[in-house]
Each structure stands twice: as structure tokens, then as C-alpha cells.
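> For reference, the structure I am asking about is given below.
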């Protein structure tokens, strides 16, 4: 009888703890994406850039211009275009692993694409056209992008040959590499 009573008391406690942990994980997830986007802003605007003025800590990250979230407040689209940013894409961009649309075009971004972009396994549209990215296009970042339908890297400063990994993009419908 004592054993049954112990089980009966333990069940509500475990349910309560599980609920608290669930709320904590949801809160932390939203908070971490807010911080992630703020760090992304810092890297992308660079020392001489401007833009993304509404990306502030006191706002919900889902209300930032160019950001679309799903019902669980996870970032699924980043559409940042035609801004005088003059910065770079930091490795933390790979932590936005629920992205379906990543459009960062005509923003004067420089540097190399971080290999962490390979974490974008749900990505369908990847547009970094009209920037100043340089070096070899890291084809390995596309290996995990099995859902990719649009790849637009037009008008950057990439060098070297076309990466062979691109031929493995089975869902590609639009490829603009010029």
C-alpha cells in the first residue's frame, strides 16, 4: 500500500517538473534565437554599415524586419536585402537550422561563407546574390541541403572551379552561379 501511495504522489510531481522543463526549453529556444539574431546583426552591419534598426533586444525576434517564424517562434526565413551592411556572415548563421528561406542579397557582405551553413538541412531557397563574398564557394555546405530548390550566388567574387557537390542537389529548380 505504501508503494502505491508513493507512486501516486510521484506522478503529479513528475508531470509538474516535465511541464516546467518544457516551458523552460521553449523560453530558452526563443531567447537563444533572439541573441543569435542580434549577434548576426552585429557581424553583418560591420563597423561602417547600417540597417536592421528594429533588431533590438527589447523586441521579439519574430517581429524583426526580414524575419519569419513558425508557430513555435523558430526562425524559418531570413530575408535581408538591399541594405548597406558591409559586414560578413558569422559561423553562428549555421545555428538557425530551421531555415527554409535564406535570402541575403545586395547587402555588401564580404568574406567567406562559413562551413556551418551546412547545418541548413531544411533550406529550400538560398540567395546570397549581389554581395562581395570571396574565395572558393564551399560546395560541402550544400551536401546537407537536400531540400534545396533555388541556389543563387550571382555577382559575388568567388574563385575556383564549380564545386562538384552541386550535382547532388536533386531538387534544384533554379541555379544561378554567374
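Throughout, read-outs are computed from the coordinates displayed, never taken from laboratory work. Quantities reported herein were computed from a predicted structural model and do not represent experimental measurements. Quick reminder, even Gly has a Cβ in these numbers, built from the backbone with ideal geometry, and neighbours come from all protein chains shown.
> Could you tell me the distance between the Cα centroids of segment 108-178 and segment 62-94, to the nearest Å?
So the separation of the two Cα centres works out to 17 Å.
> Can you put 176, 61 in order of Cβ neighbours within 10 angstrom, beginning with the fewest? Don't skip to the end; give the middle numbers.
On the way: 176 12, 61 21.
Taking fewest neighbouring Cβ atoms as first place, the list is 176, 61.
> Taking the simple approach of a point 7 Å from Cα along Cα-to-Cβ for both residue 122 and residue 65, what is their distance in nm?
Calculated label separation equals 2.6 nm.
> State the extension gain, in nm to one decimal, for the chain segment bounded by residue 79 and residue 171, taking 0.36 nm per residue of separation less the distance between their alpha-carbons. Don't skip to the answer; put the middle values down first.
Details: separation 92, 0.36 × 92 = 33.12 nm, distance 2.14 nm.
Taking residue 79 through residue 171 to full extension adds about 31.0 nm, to one decimal.
> With 10 angstrom as the radius, rank 73, 105, 63 by how many other C-beta atoms surround their C-beta, starting from the fewest.
63, 73, 105
> List the extent of the Cα atoms of segment 94-165 along each of their three principal axes, largest first, rounded to whole Å.
So the three principal-axis extents are 27, 26, 20 Å.
> To make sure I understand, if each residue's beta carbon is the centre and we count other beta carbons within 10 Å, what order do 132, 86 fall in, fewest to most?
Numbers: 132 14, 86 18.
In increasing order of surrounding Cβ atoms, one gets 132, 86.
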